[in-house]
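First the structure, in the form of structure tokens, and then the observations on it.
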Amino acid sequence: MTTASHETTPVLRLPAVAAFAATLAGGVLAAASAAMSWTWTDEFPGDLTYYGSPAGLQWLALAGGLLTALLALGARGVKGLRWLSPSGGNNGVLFAALGTLAVCWYSVAAIAVELDGLVNLDPGGWVAAVGSLLAVVGALGLPLDRRRTVKQPPVAWWWYLVAAVAAVLRVGLGQGWALNAVPPGIRPIFTENLWFFVAVPVAVLGFRLWLLLDAWLRIGRIERPLPAARALPSWAEILVITAVFALGLGVVEFGISTEYGELFIAFLLLTVFATAALLASGAIARLRELTTRHRSVTTGAAFAAAGAFPFTQSSETYVLIGANILIFATVALGLNVVVGLAGLLDLGYVAFLGVGAYAAALVSGSPFSVFRGVHLPFPVAVLIGALAALVFGVVIGAPTLRLRGDYLAIVTLGFGEIFRIAMNNLDGRSGPSLTNGPNGIAAIPDVNLFGFDFGQPHEFLGLQLGKFGNYLLLMLVATAIVVVVFGRVANSRIGRAWVAIREDETAAEAMGINGFRVKLIAFALGATLAGLAGAVQAHVAGAVSPDQYLFAGPVPPNSAFLLAAVILGGMGTISGPLVGAALLFLIPAKLQFLQSYQLLAFGVALILLMRFRPEGLIANRRQQLEFHEAELPAQGASPDDALTKAGA
Amino acid sequence: MTTDTAPVGGASAPLAEPVLEASGVVMRFGGLTAVNKVDLTVRQGEIVGLIGPNGAGKTTFFNCLTGLYVPTEGTVTYKGRVLPPRPHLVTEAGIARTFQNIRLFSNMTVLENVLVGRHTRTKEGLFSAILRGPSYRRAEQESRDRAMELLEFCGLAAKAEHLARNLPYGEQRKLEIARALASEPGLLLLDEPTAGMNPQETRAAEELVFAIRDLGIAILVIEHDMKFIFNLCDRTAVLVQGQKIVEGDRETVQNDERVVTAYLGAPLEGTTATEADQ
Ligand SMILES: Nc1ncnc2c1ncn2[C@@H]1O[C@H](COP(=O)(O)OP(=O)(O)OP(=O)(O)O)[C@@H](O)[C@H]1O
Ligand SMILES: [Mg+2]
């Protein structure tokens, strides 16, 4: 298949059958290696020493290898597997093979590095490495969708100069002579950040390498019309959706309960590549057809999967992580009303979460609350939290939203900090007594709804549900409320007005929209939803304290992370912020060693995202078209075309 | 030159109800007087043209009428009511407009663009959107039906689900008109509706303007395409350096020396003026 800008050719000129066979064999080998021992000692985390019983990393190799093999068969049109590869293109096979390669080689390298030497590899490790490489080589011999030409950004000579200087400095700092050249006072800046002088050359060379690789592979994407799906009875379609969500639950559960960093990194690698593979193969597009046809079933299945999560866990640790992810995700979705729909940049959103949490905590019977005797029922406390946030939202929004431009960002940034500092000082000494200062309001009693004590484990149908499981389900209700509100409002008169304001405020006003009013509604709704989530959060955590509500900090939710979750996930969508929040919560929680470089890592990640996928991980239909229009088959001429035609 | 489309109704039927009355509108930007004491009346059923060289202040005058700018002096009344200088209130009162540089909501679909235009004629708020009661659904359905009718009217129904930004230029102009019509205006202001169009598209635009007039909507249109203006308009006003120098029918405008001078610069030997007079 060829288009003006794309062609379908192999990267490596192999005989067609050989390429296919190599891909298939490689995938199967990598998968089979999971059943072999990868290393002789159980010192490597996860104990990969057994024959016949895969563990940890091996599961990932198994999944990646199988996916590669199945996609290769599907793309070749083997009966019964075509649903996996409806587009018929081979790019998905390559991505799956690359994912497998990444997992296997990462594991092998981790074993070799951590145990000091390749001798520590057992046959299984070698099979995994060779098999996954074979699969990639084979996949490169398949006809792939490729760009005809590659636009290469220029790499200026001074980049290399900077890289070289950094490398020399690193050596110099190591030997001491470079250090003597700087005043003693600022020496620690250099000695404590040696990695920086390594990172710079690595980044420059890495970028250059990436460009070379890109020029060689020229992987692109040809939008192929999917063949009409075989008509399934409605119950079968619903069954498919259910199965997919069950699988999704399995994947998420695997991710949440990874016990060591290596496994989580490999998990992330495979998930990214597998998603890319399924996107390229068209399986996700096909699934989307199904889910749009059965929207309510899909939503139901998603919530059922989330609700089933605590029942699948034997320990409470990961359930608490799940509940915290839900809190973070719900708040992110609330922020998406403000940022994604109305286009208002709110840099202090976490303060509204805090207002809700504090308001609810004050009236929920904590011994540290100034209203000591007051213990309102949980729903009333939640309502009070939401209302308090609403009031603050209106108070902050009313004066600032009249102005256009970035005033809102500055004011909300300030408000976020003022809130935290005020909570710190309303302790009866530096200010009126309200919040118990830095100690916060602790020991909030467990929620008790209609005799159901959320603090105690319960048993349902023989399945155990612990304290955090209870709260996770409670939080899920709050999430559901926010999802429903978002979904309904986004597609209504007021939601359209928000998007119109975001797109072009002047034109929107000229169409009769009262910009100020509509923006205030968005801002207030966003604040209310955050307040609602905050009230529940106060009960889940059992305590509120000022340091939970930072602009940027190591633990989500904070304003910067919330914004990142929305942008990373996809602005204006429902699932985007949910996915973004899950990732942004899990990554720092799982990769403890990243802690001190977390913000840097996020900066880099966001830059990469903006470069490669500006619409976020999950694009709504609009943004998909907005950012990748050039790659789509031409739908309509651009204005310039019309002008040239008019001139002709 | 022969006219191929004779203007119907309008000027010949004397003095229909005035829809728009601008009196003594002045707009100053610092030392620059972009619009200088302009009076203009548009009556029911009329198509009025507004022409003038680049930078004459035509768009600025439109902005004063629609509340985008607060005029330094002067008043604008619509059907006898003085208009507050706020765009959304002007639209609500019944004046809709298009922009010289197309200003669609480019990442919304064609249908959504028109639905936004209906904002002032619907009133469902946040709560009814969340609760989705039967009356909300009825109103939403009505809005959609009405929007589809308008798209049909402008010949865009087939593209309802396309993104506005993906439409060809001519259709974007049409969509802007459809969006303006969605607010059920009594007066439509068009700022250079045929800029960048090819001759066929311009013809189609003429048809569309007549069709809109036949709906009972008065029209005030800025154009540089004289053929278009003289085909369409019952009356044309000429703006030069912020001042209205002539207003009248085709003959009056074409034969006015000041107009010729304004468009062609000061006559050097008088040759240009005589040429234009023929
Ligand atoms: N916001 C503004 N601030 C300062 N000057 C302005 C502003 N808007 C317009 N002007 C000036 O007012 C004058 C009239 O501009 P306007 O856009 O109304 O002209 P126009 O008749 O619409 O011209 P064109 O045919 O090119 O569209 C110009 O000199 C312009 O530079
Ligand atoms: Mg203009």
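The values are calculated or read from the model by the stated rules, or taken from the named source; none is laboratory data. It should be emphasised that the depicted structure is a prediction, and the values quoted were computed from it without experimental measurement. Counting neighbours? That spans all protein chains shown, and the Cβs are built from the backbone with ideal geometry, glycine included. Quick note on the areas: whole protein, heavy atoms, side chains included, nothing else; ligands and nucleic acids left out. Shrake-Rupley method; radii C 1.70, N 1.55, O 1.52, S 1.80 Å.
Any idea which of B:Glu206, B:Glu201, B:Glu171 is in a helix (DSSP H, G or I) and either open to solvent by less than 20 Å² (accessible area, probe 1.4 Å) or among the aliphatic types (A, V, I, L, M) (or both)? Talk me through it step by step, then tell me what you get.
On the way: B:Glu201 fails: either open to solvent by less than 20 Å² (accessible area, probe 1.4 Å) or among the aliphatic types (A, V, I, L, M) (or both); B:Glu171 fails: either open to solvent by less than 20 Å² (accessible area, probe 1.4 Å) or among the aliphatic types (A, V, I, L, M) (or both).
Of B:Glu206, B:Glu201, B:Glu171, the one residue that is in a helix (DSSP H, G or I) and either open to solvent by less than 20 Å² (accessible area, probe 1.4 Å) or among the aliphatic types (A, V, I, L, M) (or both) is B:Glu206.
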Among (1) within 10 Å of ligand 1 (Cβ to nearest atom); (2) open to solvent by less than 20 Å² (accessible area, probe 1.4 Å); (3) within 14 Å of chain A (Cβ to nearest Cβ) - the single one B:Thr59 does not satisfy: (2)
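Between B:Arg103, B:Arg118, which is within 16 Å of A:Ile501 (Cβ to Cβ) and within 16 Å of ligand 1 (Cβ to nearest atom)? Before you say what the answer is, go through the steps one by one.
Working: B:Arg118 fails: within 16 Å of ligand 1 (Cβ to nearest atom).
Result of the check over B:Arg103, B:Arg118: B:Arg103.
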The one condition in (1) away from ligand 1 (no atom under 16 Å from the Cβ); (2) in contact with a strand residue (DSSP E or B) (Cβ under 6 Å, 6 or more places away or on another chain); (3) more than 20 Å from A:Ile501 (Cα to Cα) that B:Gly74 fails to fulfil: (1)
Residue count for segment B:214-231, restricted to those that are within 13 Å of ligand 2 (Cβ to nearest atom) and either open to solvent by 20 Å² or more (accessible area, probe 1.4 Å) or at pLDDT below 90 (or both): 1
Checking A:Gly512 against (1) within 14 Å of chain B (Cβ to nearest Cβ); (2) outside any loop (DSSP other than H, G, I, E, B), the condition it does not meet: (2)
Flag for B:Glu112 being at the interface with chain A (Cβ under 8 Å from one of its Cβ atoms), in contact with a Phe, Trp or Tyr (Cβ under 9 Å, 6 or more places away or on another chain) and modelled with pLDDT under 90: no
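Residues are listed down the side, and each one gets a yes or a no for (1) assigned to a helix (DSSP H, G or I); (2) surrounded by 12 or more Cβ atoms within 10 Å (Cβ to Cβ); (3) in contact with a helix residue (DSSP H, G or I) (Cβ under 9 Å, 6 or more places away or on another chain):
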| position | (1), (2), (3) |
| --- | --- |
| A:Glu223 | no, yes, yes |
| A:Leu226 | no, yes, yes |
| A:Ala229 | no, yes, yes |
| A:Leu232 | no, yes, yes |
| A:Leu247 | yes, no, no |
| A:Phe254 | yes, yes, yes |
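For segment B:130-143, indicate whether the set of residues that are assigned to a loop (DSSP other than H, G, I, E, B) and without any contact (Cβ under 8 Å) to a residue 40 or more places away in the chain is non-empty. Let's see the steps before the verdict.
Of the residues in segment B:130-143, the ones assigned to a loop (DSSP other than H, G, I, E, B) are B:132-133.
Remaining after also requiring without any contact (Cβ under 8 Å) to a residue 40 or more places away in the chain: B:132-133.
Yes, some residue in segment B:130-143 is assigned to a loop (DSSP other than H, G, I, E, B) and without any contact (Cβ under 8 Å) to a residue 40 or more places away in the chain.
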Options B:Leu50, B:Leu68; residue that is within 11 Å of ligand 1 (Cβ to nearest atom), touching a helix residue (DSSP H, G or I) at 6+ places or on another chain (Cβ under 6 Å) and outside any strand (DSSP E or B): B:Leu68
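Please count how many residues of segment A:268-281 are touching a residue at least 60 places away in the same chain (Cβ under 8 Å) and closer than 13 Å to A:Thr100 by Cβ. It would help to see each step written out before you state the result.
In the first step, residues of segment A:268-281 are kept if they are touching a residue at least 60 places away in the same chain (Cβ under 8 Å); the result is A:268-270, A:272-274, A:276-281.
Add one more test, that the residue is closer than 13 Å to A:Thr100 by Cβ, and what stays is A:269-270, A:272-274, A:276-277.
Qualifying residue count, segment A:268-281: 7.
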Scan of segment B:178-202 for residues that are charged (D, E, K, R), within 16 Å of ligand 1 (Cβ to nearest atom) and within 13 Å of chain A (Cβ to nearest Cβ), ordered by number: B:Asp191
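Go through A:Gly99, A:Gly89, A:Gly77, A:Gly138 for me and flag whichever is in contact with an Asp or Glu (Cβ under 7 Å, 6 or more places away or on another chain), open to solvent by less than 50 Å² (accessible area, probe 1.4 Å) and closer than 25 Å to A:Arg218 by Cα. Step through it out loud before you land on a result.
Numbers: A:Gly99 fails: in contact with an Asp or Glu (Cβ under 7 Å, 6 or more places away or on another chain); A:Gly77 fails: in contact with an Asp or Glu (Cβ under 7 Å, 6 or more places away or on another chain); A:Gly138 fails: in contact with an Asp or Glu (Cβ under 7 Å, 6 or more places away or on another chain).
Just a single option satisfies the conditions, and that option is A:Gly89.
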Residue, farthest from the other protein chains (Cβ to nearest Cβ), within segment B:71-88, restricted to residues that are over 16 Å from the mean Cα position of the chain (by Cα) and in a strand (DSSP E or B): B:Glu73
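With respect to A:Leu362, is the statement that it is at pLDDT 90 or above, surrounded by 24 or more Cβ atoms within 10 Å (Cβ to Cβ) and within 19 Å of the chain's Cα centre (by Cα) true?
Working: at pLDDT 90 or above: yes; surrounded by 24 or more Cβ atoms within 10 Å (Cβ to Cβ): yes; within 19 Å of the chain's Cα centre (by Cα): no.
So A:Leu362 fails the test.
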Only one of B:Arg103, B:Arg132, B:Arg144 that is open to solvent by 10 Å² or more (accessible area, probe 1.4 Å), more than 8 Å from every other protein chain (Cβ to nearest Cβ) and out of contact with any strand residue (DSSP E or B) (no Cβ under 8 Å at 6 or more places or on another chain): B:Arg144
Residue list for segment B:203-241, restricted to those being among the polar types (S, T, N, Q) and within 16 Å of ligand 1 (Cβ to nearest atom): B:Thr236, B:Gln241
Residue that is modelled with the lowest pLDDT, among those in segment A:488-505 that are open to solvent by 10 Å² or more (accessible area, probe 1.4 Å) and not in a helix (DSSP H, G or I): A:Asn491
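Out of A:Val370, A:Val382, A:Val319, A:Val350, which single residue is β-branched (Val, Ile, Thr), on the phi < 0 side of the Ramachandran plot and not in a helix (DSSP H, G or I)? Show your work before the answer.
Details: A:Val382 fails: not in a helix (DSSP H, G or I); A:Val319 fails: not in a helix (DSSP H, G or I); A:Val350 fails: not in a helix (DSSP H, G or I).
After ruling out the rest, the residue left standing is A:Val370.
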Pairs with Cβ under 6 Å, 6+ apart, first in segment B:57-70 and near ligand 2 (Cβ under 8 Å from one of its atoms), second assigned to a loop (DSSP other than H, G, I, E, B): B:Lys58/B:Gly52; B:Thr59/B:Gln100
In segment A:541-557, the residues that are open to solvent by 10 Å² or more (accessible area, probe 1.4 Å) and in a helix (DSSP H, G or I): A:Ala541, A:Asp547, A:Gln548
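Would you check which residues across segment B:89-100 are assigned to a loop (DSSP other than H, G, I, E, B) and facing chain A (nearest Cβ under 8 Å) and list them? Even if it seems obvious, please write down each step before you answer.
Let us first name the residues in segment B:89-100 that are assigned to a loop (DSSP other than H, G, I, E, B), namely B:94, B:98-100.
Across segment B:89-100, the qualifying residue is only B:Phe99.
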